[in-house]
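The values are calculated or read from the model by the stated rules, or taken from the named source; none is laboratory data. Model, not experiment: these values are computed from the prediction. Glycine gets a Cβ as well: all are built from the backbone with ideal geometry, and neighbour counts include every protein chain shown. The area values use the complete protein model at the heavy-atom level, side chains included, leaving out ligands, DNA and RNA. Shrake-Rupley method; radii C 1.70, N 1.55, O 1.52, S 1.80 Å.
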Amino acid sequence: MLGLGDGEVGVIDPATLFVDGDDARAILDGTPGDRDALLRRRGNGPFEARVCARDAVLAGATLRLVQFTDLGADRALAARLDGQRAELETLTRRLMSVQEDERASLSRELHDDIGQAITAIKLCASSLMHEPDPPRTSVVTETAHEIGQIADQTVAKLRDLSLLLRPPQLDALGLEAALRWQAGALFRSELPRIELDIPPLDCRPPRDVELACFRIAQEALTNVLRHASAGRVALHLQCDDVELRLRIEDDGRGIPADHRAGLGFITMRERARLVGGALRLDSRPGRTTVEAVLPLPQESDARVGVLQG
Ligand SMILES: Nc1ncnc2c1ncn2[C@@H]1O[C@H](COP(=O)(O)OP(=O)(O)O)[C@@H](O)[C@H]1O
Ligand SMILES: [Mg+2]
């Protein structure tokens, strides 16, 4: 650190290590303690160090022990870490925004291109069914009927997928309607039963908070469907002047202790963090709760619009 060669430490005058004579006197002769000081580095410029001075008694003699820690290196490391953290955050934001754009464009593609193509298949099948010449055999009729059915099912699936990728309700009607729609679309069968506690919100949260809340709910609800074997799932939404709270609770088997760390939880946490909030997870057999607390901006001009009724 000081650029000294082997054996030199014991023979040089320690006072010459200090740039400032006051520092040298205080550390070498004053009361033991800690102090920041500028030190000389052989072959290089001075550097900032934390100097800790202590006294020790050895064979009846009092020795002053001095320890140096290079603060420059610590600070450079801290600055590098800060830089990397900021870079990672920018990257994550960019990733989320690219993901949303990508979803929107996929949704458009699915609807405009593939949806139209399947409708065309259905029209062909239908014209085949109604073609009087050549005479129809039962095989042709049945096949045409089947083509029509498959096309219908595919269009329905595509529609669901397209809505899942980009729920139109979120932009148009707001968070509450979008959550109701999503819950209804996911929980069509009898079990698990879904209970919604979504009171009308007084204020409309900013778009990024709404989107974060919606995507977290979407992932948490999908997790219940895929993993929980639950009989009941409840979604609560709560909003006051300060924050938006989303809680999704199921009575399923609980998250296994050795569960795979999935992208779902990572993304939920990131989404909450990027709007300044946090995600809490509490799970045991019979009860799993995922809660997102998302702060709302406090300046009144940052609020967007007011929902009627
Ligand atoms: N509500 C739940 N009940 C039981 N297990 C769950 C629940 N949610 C998540 N898990 C478990 O946690 C794991 C990680 O979830 P997640 O990060 O969303 O990844 P993925 O859903 O892609 O597996 C799941 O694979 C599952 O084992
Ligand atoms: Mg998941």
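Okay, here's what the table says:
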| item | result |
| --- | --- |
| The stretch 157-172-the stretch 1-70 distance, computed between alpha-carbon centres (Å) | 68 Å |
| Evaluated at q = 0.12, 0.17, 0.19 Å⁻¹: base-10 log I(q)/I(0), Debye formula over Cα of the stretch 97-164 | -0.42, -0.64, -0.73 |
| Heavy atoms of Glu270: accessible area, 1.4 Å probe, square angstrom to 10 | 40 Å² |
| Residues Arg273 and Arg80, FRET efficiency given R0 of 22 Å [Cβ-Cβ distance, rounded to 0.05] | 0.55 |
| Charge dipole of the stretch 168-302 about the Cα centre (unit charges at C-beta), most positive-ward option of Cys213, Val224, Val275 | Val224 |
| Solvent-accessible surface (1.4 angstrom probe) belonging to Phe68, in square angstrom, nearest 10 | 50 Å² |
| Debye log10 I(q)/I(0) for the stretch 168-302, one point scatterer per Cα, at q = 0.12 Å⁻¹ | -0.44 |
| Stokes-Einstein D in µm²/s, Kirkwood radius over Cα pairs - the chain at 20 °C with 1.002 mPa s viscosity | 83 µm²/s |
| Residues with amide H under 5 Å from that of Gly276, placed H, sequence gap 5 or more | none |
| Mean Kyte hydropathy of -1.0 or more with a Cα span along the axis of at least 18 Å, helices from DSSP in the chain | 71-109, 115-129, 138-165, 207-223 |
| Sequence of Cys52, Cys213, Cys239, Cys124 from largest to smallest accessible area, 1.4 Å probe | Cys124, Cys239, Cys52, Cys213 |
| Extension reserve of the Val66-Asp160 stretch, reckoned as 0.36 nm per residue once the Cα distance is removed | 26.8 nm |
| Solvent-accessible area per residue for the stretch 168-302 (1.4 angstrom probe, square angstrom) | 51 Å² |
| Accessible area (Å², 1.4 Å probe, nearest 10) - His130 | 130 Å² |
| Relative contact order computed over the stretch 37-157 (Cα-Cα under 8 Å; 6+ residues apart), in percent | 14 percent |
| For Leu296, distant residues with modelled amide H under 5 Å away | Glu243, Leu244 |
| Neighbour cut-off at most 11 other Cβ (10 Å), DSSP loop, trypsin sites (Lys or Arg not before Pro), the stretch 233-302 | Arg260 |
